[in-house]
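Worksheet: one structure, shown below.
The values are calculated or read from the model by the stated rules, or taken from the named source; none is laboratory data. All of these numbers come straight from a predicted model, not from anything done at the bench. Please note: Cβ atoms are built from the backbone with ideal geometry, for glycine as well, and neighbour counts cover all protein chains shown.
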Ligand SMILES: [Zn+2]
């Protein structure tokens, strides 16, 4: 796993996008149809350029941990990854901070569930 801690600017925008989905493929048995993945990724690109997403990101709040971060540090995340059949719909796309993004990328799905549970306990 590459050490990101030295990077001031984590490449959230386009550079990180494909890698994120590929990793999800790797940890999950289910593989969506490549044509479906291409289509949903294209839809995600369009959504990312939309006013809806700009407004969403402008709140600066991470969907998962609830922390407020600079809007430019929020990345677009699919609740259900495209590779697992998730769609690029407004209901499936959330803003996600650097830390949660990194966690989600490095954890197995079951570990990610635990992480989210831990976060919600902290909120209470
Ligand atoms: Zn977060």
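In table form, for the structure just shown:
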quantity: Residue check for residue 83: away from the ligand (no atom under 16 Å from the Cβ), buried (at least 18 other Cβ atoms within 10 Å of the Cβ) and at pLDDT 95 or above; calculated: no
quantity: Residue that is farthest from the ligand (Cβ to nearest atom) [pool: residues in segment 48-70 that are surrounded by 15 or more Cβ atoms within 10 Å (Cβ to Cβ) and closer than 23 Å to residue 108 by Cα]; calculated: 63
quantity: In segment 88-112, residue nearest to the ligand (Cβ to nearest atom) [restricted to those that are out of contact with any helix residue (DSSP H, G or I) (no Cβ under 6 Å at 6 or more places or on another chain) and part of a loop (DSSP other than H, G, I, E, B)]; calculated: 97
quantity: Filter result for residue 45 (within 16 Å of the ligand (Cβ to nearest atom) and either within 19 Å of residue 104 (Cα to Cα) or assigned to a helix (DSSP H, G or I) (or both)); calculated: no
